[in-house]
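This report refers to the structure that appears directly beneath it.
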Amino acid sequence: MTTKRRVAVLGATGTVGQRFIQLLADHPWFEISALTTSDSKVGKRFGDVTAWHVPTGIPDHVKDMVLQPTRADVDADICFSALPGDAAIEHEAALAKAGHHVFSNVSTHRMDPDVPLIIAEVNPDHAQALTAQRRGRGWSGSLVTNGNCSAIHLTLALAPLQRDFGIERLLVTTMQAVSGAGYPGVPSLDAIDNVVPYIPSEEEKMVEETRKFLGTWDGARFVPAAITMSAHCNRVSVRDGHTETVSLTLRGSPSVVSVKDSLRAFRGRPQALKLPTAPLHPIIVREEPDRPQPVLDRDAERGMASTVGRVREDAVLGLKFVVLGHNTIRGAAGASVLNAELLLAEGCLG
Ligand code: NAP
């Protein structure tokens, strides 16, 4: 890239917004030109009004930036959205209509029939839907989404297994970190010393998004993968990093060794193109009996890899394993940045 693309972070003061700022701080292709906020903080200095939670400090050039309202005339080519759902309904389509390329973390438009839901290594070809999206909606810009933070890590682990063997049915149980609920998120008295066995709409998102990711774009519509699946979603007292236990039936009952080989060999377009945010190994397979664990494995490959462990036979469904990944990096902001890099490198953003 000879000239850096100007990018806005929408919802910049929040949990995911801050991760965007961290990941974009020294980005070789993107420079932050705008940070947006809710009305209460418009006109204020980012560093003065943000409860910063990322271990690396606030990048110097961002501290003094003045927060702007989210508006269709924001000074940016690409908009990374970390908006709450109601604000996303109001702004994301309007921004795309006005010519911006919107990469969204929000669930609002993920299942729209003309909106690609992309994991860069898994289904980059779904970006072909942007032609139909622009034509059908009369947009000069575009809207691309990334998935739910648990669905992304689950799907990264499933993608090679679906490709190499085929998945018949699966059961997943999540243990999701409190940062997945944003800030301030889950009240401390509900979170500490506790497990909350309910996250609104999460189980439905896990199923429908996984099927969309692993499905196909047939030129006119997304055809979901025909996988029988069920999800249990739980909030646990972990700061960052979602852990998921998965039991599944694969066609042909492959051996544990073949499954591990398939996971370890998995690579995609981001690795082939050497995109700046791409992990070298999107899936790391560990052999220790007590891994992966959030405190030890969530930052693997700068938070951009999913770590799989405990791959073994299952007496009920055939195979089982644990997958873990960082929810605000690969499960949110990092996924969006990688999608933007991919579409830019592939010439999909004009
Ligand atoms: P959050 O910590 O609550 O942050 C959202 C921020 O949006 C708030 O800090 C608010 O900040 C700002 N905001 C509200 N209205 C706005 C508007 N009109 N324009 C601009 N900013 C506005 O939530 P989050 O965890 O970052 O999540 C953001 C989005 O990402 C949500 O839709 C969530 O579902 C999704 N997501 C989150 C995760 C995760 O792991 N946390 C993972 C995947 C997806 P001010 O009042 O300071 O402006």
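Filtering Ala225, Ala191, Ala129 for residues that are assigned by TED's automatic domain parsing to the domain that holds Pro282 and under 28 Å from Glu346 (Cα atoms) leaves a single hit, Ala225. Only one entry in Arg169, Arg134, Arg163 is part of a strand (DSSP E or B), more than 16 Å from the ligand (Cβ to nearest atom), on the phi < 0 side of the Ramachandran plot and not β-branched (Val, Ile, Thr), namely Arg169.
Inspect the stretch 326-341 for any residue being in contact with a strand residue (DSSP E or B) (Cβ under 9 Å, 6 or more places away or on another chain), more than 16 Å from the ligand (Cβ to nearest atom) and either closer than 20 Å to Leu273 by Cα or assigned to a strand (DSSP E or B) (or both) and give the result as yes or no. Yes - at least one qualifying residue is present in the stretch 326-341. Across the stretch 92-111, the qualifying residues are those that are under 14 Å from the mean Cα position of the chain (by Cα) and small (Gly, Ala, Ser), and the one among them that is surrounded by the fewest Cβ atoms within 10 Å (Cβ to Cβ) is Ser107.
When Val295, Val316, Val257, Val323 are checked against the criterion of being assigned to a strand (DSSP E or B) and either within 24 Å of Gln176 (Cβ to Cβ) or open to solvent by 40 Å² or more (accessible area, probe 1.4 Å) (or both), Val323 stands alone in meeting it. Quick one: in the stretch 171-187, which of the residues that are out of contact with any helix residue (DSSP H, G or I) (no Cβ under 7 Å at 6 or more places or on another chain) and open to solvent by 70 Å² or more (accessible area, probe 1.4 Å) is modelled with the highest pLDDT? So, considering only residues that are out of contact with any helix residue (DSSP H, G or I) (no Cβ under 7 Å at 6 or more places or on another chain) and open to solvent by 70 Å² or more (accessible area, probe 1.4 Å), the one modelled with the highest pLDDT is Pro187. Taking residues in the stretch 32-59 that are closer than 23 Å to Asp77 by Cα, and partners anywhere that are open to solvent by 50 Å² or more (accessible area, probe 1.4 Å) and near the ligand (Cβ under 7 Å from one of its atoms), the pairs with Cβ atoms closer than 9 Å and at least 6 places apart or on different chains are Ser38/Pro84.
The values are calculated or read from the model by the stated rules, or taken from the named source; none is laboratory data. Just so it is clear, the structure is predicted and the values come from calculations on it, not from any experiment. Note that each Cβ is placed from the backbone with ideal geometry, even for glycine, and that neighbours are counted across all protein chains shown. Only protein heavy atoms, including side chains, enter the accessible area calculation; ligands, DNA and RNA are left aside. Shrake-Rupley method; radii C 1.70, N 1.55, O 1.52, S 1.80 Å.
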